[in-house]
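Report on one structure; see the data block that follows.
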Amino acid sequence: MFPETKPIIFRAPANQKKIEIYPIHDLHYGNECFNLQRWNALKSEILAEPNRYVIWIGDLMENAVPGSKSDVFTQTHTPLEQREFITEQFKDLADRTISINDGNHEYNRSTRNAGLYPLYDCACIAGIEDKYRSAYSVIDIAVGNDDGQGHRKPMHYVVFSTHKAKTLKSFASCDALDGFDIFLYGHDHDSIDHPRGKLVYSLTKKTVLFKSIEMINCGSFLEYSGGYSPRSGWRPGSNKFYKIILCDGTKDIVTVGFYPRLSS
C-alpha cells in the first residue's frame, strides 16, 4: 500500500490530445436507494470512448455495520457482496482508472473498527493496487506528447482528490494546497462546480499572478426514496454529474455538467 504523499503519475496515450475525467464517488452500492440504472448508464458512457478515465473518490460501498448510521437490516447486499461488486467495476474499468480513495463508509466502518481496507482489497484483486491511496491522492496528469523531434512537450495538470472537504464562503480545503489545478471531493451528495481563486507571487517574474483552482463535487447514485437522508430532514441531492476535459498544447480545463442518459 503506497502512502498518500507518493504521487500517482498518469500519462495519457500519445494519440490522445484530449482526455475526459469522470470523478466517481458516493455510489453506495448496497444501499436500498442505490440507482443501478444511473450507474450503468454512466459506466457505459465512460467505456464508449477510449479517452475517458475515472477517479474514484470513496463511499463506493454502503458497508453498513452495527452502530453506523446506515441500517444493516435494509442494505440489499452484505459487505462481502458489496466488495465483490466493486471489484468487478474496478476490473471493467481497470485501464480507465487513474486513482482510488476511501470514503467514510469504507474507512470509518472497516478500517477504524477492524483494520480492514475493503477498497484496497478490491483494487488488489482487480490488479490496480498502485492506484489506491486511502485518504487522498496527488495526481500528475500529462496530456499529449512530443512529435519525436522534441518540438512538443506534454501538458501537465495536477489534481488533488479526497472524499471529504470544507467549502465555506471564505475558506475551502483547496486553500491549504499549492501547485494544484483541480480539487475533487464528494461526501455530502451536493453537486457543485465551485472554482476558487488565489493570488500567487512569482519570484521569477516579480509580479503577483492570479491562479484559479477547479473545485468539483459530483452527485451521488442514491434516490431520495428512503433511508436516513429524508428521515434526517435533508433535502434531495441533484442528479447532476461533472466531467473534466483536459487538452494538450495549452493549459485548458473545461468542466462539463450533465445528467446521465438513462435508457428507457
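The values are calculated or read from the model by the stated rules, or taken from the named source; none is laboratory data. Predicted model only: the values in this text are computed from it and were never measured. Note: ideal-geometry Cβ built from the backbone for every residue, glycine included; neighbour counts use all protein chains shown.
Gly237 - would you say it is closer than 21 Å to Asn40 by Cα and either surrounded by 14 or more Cβ atoms within 10 Å (Cβ to Cβ) or at pLDDT 90 or above (or both)? Break it down stepwise before answering.
Working: closer than 21 Å to Asn40 by Cα: yes; either surrounded by 14 or more Cβ atoms within 10 Å (Cβ to Cβ) or at pLDDT 90 or above (or both): yes.
So Gly237 fits the description; yes.
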- prompt: What number of residues within segment 73-85 are within 15 Å of Cys33 (Cβ to Cβ) and either assigned to a loop (DSSP other than H, G, I, E, B) or touching a residue at least 60 places away in the same chain (Cβ under 8 Å) (or both)?
  reply: 5
task: From the list Gly249, Gly237, pick out the single residue that is over 30 Å from Pro13 (Cα atoms) and in contact with a Gly (Cβ under 7 Å, 6 or more places away or on another chain).
output: Gly237
task: Mind counting the residues in segment 211-242 that are basic (Lys, Arg) and within 21 Å of Tyr29 (Cβ to Cβ)?
output: 2
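Which strands (runs of 3 or more DSSP E) sit wholly inside segment 151-204 and have at least 2 residues that are under 24 Å from Phe258 (Cα atoms) and under 17 Å from the mean Cα position of the chain (by Cα)?
On the way: elements: 155-162, 182-185, 196-202.
Qualifying strands (runs of 3 or more DSSP E): 155-162, 182-185.
Just to be sure I understand, how many residues within segment 56-69 are more than 22 Å from the chain's Cα centre (by Cα) and not charged (D, E, K, R)? Working first, answer last.
Residues of segment 56-69 more than 22 Å from the chain's Cα centre (by Cα): 65-69.
Of the ones still in play, those that are also not charged (D, E, K, R) are 65-68.
Going through segment 56-69 one residue at a time, the tally reaches 4.
Confirm whether Gln89 is crowded, with 17+ Cβ neighbours inside 10 Å and part of a loop (DSSP other than H, G, I, E, B). Outline the logic, then answer.
Numbers: crowded, with 17+ Cβ neighbours inside 10 Å: yes; part of a loop (DSSP other than H, G, I, E, B): no.
When the stated conditions are applied, Gln89 does not pass them.
If we keep just the residues of segment 240-264 that are more than 17 Å from the chain's Cα centre (by Cα) and either not in a loop (DSSP other than H, G, I, E, B) or not basic (Lys, Arg) (or both), which is surrounded by the most Cβ atoms within 10 Å (Cβ to Cβ)? Even if it seems obvious, please write down each step before you answer.
Restricting attention to segment 240-264, the residues satisfying the condition of being more than 17 Å from the chain's Cα centre (by Cα) are 247-252, 261-264.
Imposing the further condition that a residue be either not in a loop (DSSP other than H, G, I, E, B) or not basic (Lys, Arg) (or both) reduces the set to 247-250, 252, 262-264.
On the way: Cys247: 16, Asp248: 20, Gly249: 12, Thr250: 6, Asp252: 13, Leu262: 12, Ser263: 7, Ser264: 3.
This residue is Asp248.
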statement: When segment 12-55 is checked residue by residue, the ones that are part of a strand (DSSP E or B), of a type in the set (D, E, K, R) and within 18 Å of the chain's Cα centre (by Cα) are Glu20, Arg52
message: Whether any residue in segment 95-104 is surrounded by fewer than 16 Cβ atoms within 10 Å (Cβ to Cβ) and either of a type in the set (D, E, K, R) or outside any helix (DSSP H, G or I) (or both) is what I want to check.
response: yes
